[in-house]
Amino acid sequence: VFNNVPMAPPDPILHLNTLYKADPNPHKINLGVGAYRDEQGKPWVLPVVRKAEHIIIEDPALDHEYLPIDGLKTFTEASVRLILGKSSPAVLENRYVGCQTISGSGAVRLGAAFLARFRKAPIYISKPTWGNHRAIFADAGLEVREYPYWNPEVRGLALKELLDTLKSAPNGSIICLHPCAHNPTGVDPTPEEWKLIAEVIRDKSHFPFFDCAYQGFASGDLDRDAGAVRYFVEQGFELLVAQSYSKNIGLYGERTGCLTVVTRTPEQATAVRSQLCKLQRAMISMPPAFGARIVSMILNDEKLFGQWMVELKTMADRIITMRRELFNALSELGTPGTWKHIVDQIGMFSYTGLNANQVKVLIEKYHVYLTDNGRISMAGLNSGNIRRFAEALDWVVRN
Ligand code: PMP
């Protein structure tokens, strides 16, 4: 059997991390990794998470029984309200499902498996998008197509091309959308642009599948980052939303997420839940408990929730500050080109516009690690390395 197994290509981001780790240069900079780092370049365990962990561990009633197939109820109910809003028509009319998943990736996967079974239509993903979208959707048996997203000339959204592609897609296609902090470009549609996108999706009877990996992490404001999803729900759409707590609560390794579904009727919601449970059972049986317990505690306790808001804002603000400082440093250096997009973009990533050759030089000459599409993780920058990075960037642009 194993003689016929060829080597799979390495995952580009994980491979980059391996190269970074192996580099002995003390001034190396890792801008590839999609995880928050503090001013010292270290992972940050949110103090509110530490607090919740202690409460959970010290609870004498804690056991390690299985969760239900669709997860911890207090977690999924709070997750649905977090993304849709407490007074969402879908919540008030009880036409939603929340199913706990293996983080955002697992929510995308479960949603994909559901759509492959019940909506036989192609799925359109943005070009570019998170590297795993194509892999997950294709692996689940969906036909994957692309819609243009990035306009390199304006270093912003390719709105016209995006709308034209959605208009020419077969009626009833599935459209995968990033509601905030688009990965990898950091470019989000404005509320006006979302309206235009929603109009085409409605006219064509397309089905929206939101992948929300950065709620609150993007702007520091949970409601603002959920704006696109809530707008679609207010407009009466049925939809799916994949939610992740990797970034906004920093629970990367706990694999804590939720697949939220909005249906037209409570009866549909009951049927959808039963099918999600059937799919989930065949894939993982039951989701893991610990991360869901932490999130449930934070979302359902007013005091802990308030503390989380402050800590979430600390992360979002640090990233926004890094954007400004990078822009200022490039302005000071007089780096050729326009760099305003660095401050205009939102979320963890910035699409610099650097090409693969320039990236290669940054890695080999300057020990600055980033993906070859020119994407940088703003979280990898801090006051100790930002000037060095700006100077390296300046050099590659000039040479
Ligand atoms: N979707 C997008 C767009 C992402 O950027 C990420 C994280 N890189 C994910 C989903 C999933 O992350 P996780 O599985 O850690 O929740």
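Size descriptors for the stretch 66-300: radius of gyration and Dmax over Cα atoms are 16.4, 52 Å. Hey, which aspartates and glutamates would be in cross-link range of LYS204, C-alpha to C-alpha under 15 Å, not counting anything within fewer than 8 residues on its own chain? Answer for LYS204, where 15 Å is the Cα cut-off: ASP164, GLU238, listed by chain and number.
When ARG224, ARG230, ARG155, ARG324 are sorted by how many other C-beta atoms sit within 10 angstrom of their C-beta, beginning with the fewest, the order is ARG324, ARG224, ARG230, ARG155. The alpha carbons of the chain occupy a box of 63, 57, 54 Å along the principal axes, longest dimension given first.
When the pairs LYS42/LYS127; LYS313/LYS340; LYS127/LYS167 are compared against a 28 Å limit on Cα-Cα distance, LYS42/LYS127 fall above it. Sorting the segments 89-101, 166-178 by their residues' average number of neighbouring beta-carbon atoms within 10 angstrom, most packed first, yields 89-101, 166-178. Computed over Cα pairs, the Kirkwood radius of the stretch 18-61 leads via Stokes-Einstein (0.692 mPa s, 37 °C) to a diffusion coefficient of 245 µm² per second. Can you list the residues of the stretch 59-100 with backbone N under 18 Å from a point 7 Å past the Cα of GLU267, pointing along Cα to Cβ? Within reach of a label on GLU267: 93-97.
State whether the stretch 76-162 is rounded, prolate or oblate according to the following rule on the C-alpha gyration tensor (a ≥ b ≥ c being the square roots of its eigenvalues): a/c under 1.5 gives rounded; otherwise a/b larger than b/c gives prolate, and the remaining case gives oblate. Since a/c reaches 1.5 but b/c is at least a/b, the shape of the stretch 76-162 is classed as oblate.
Taking the number of Cβ atoms within 10 Å of each Cβ as an exposure proxy, the fewest-first ranking of PHE237, PHE114 is PHE237, PHE114. Spatial offset of the stretch 349-399 relative to the stretch 242-264 amounts to 30 Å, using the alpha carbon center of each. Exposure proxy shown here: for ILE376, ILE342, the number of other Cβ atoms within 10 Å sets the order, fewest to most, as ILE342, ILE376.
None of the figures in this text is laboratory data; all of them are computed from the coordinates on show. Worth saying up front: this structure is predicted, and the values here are computed from it rather than measured. Virtual Cβ from ideal backbone geometry, glycine too; neighbours counted across all protein chains shown.
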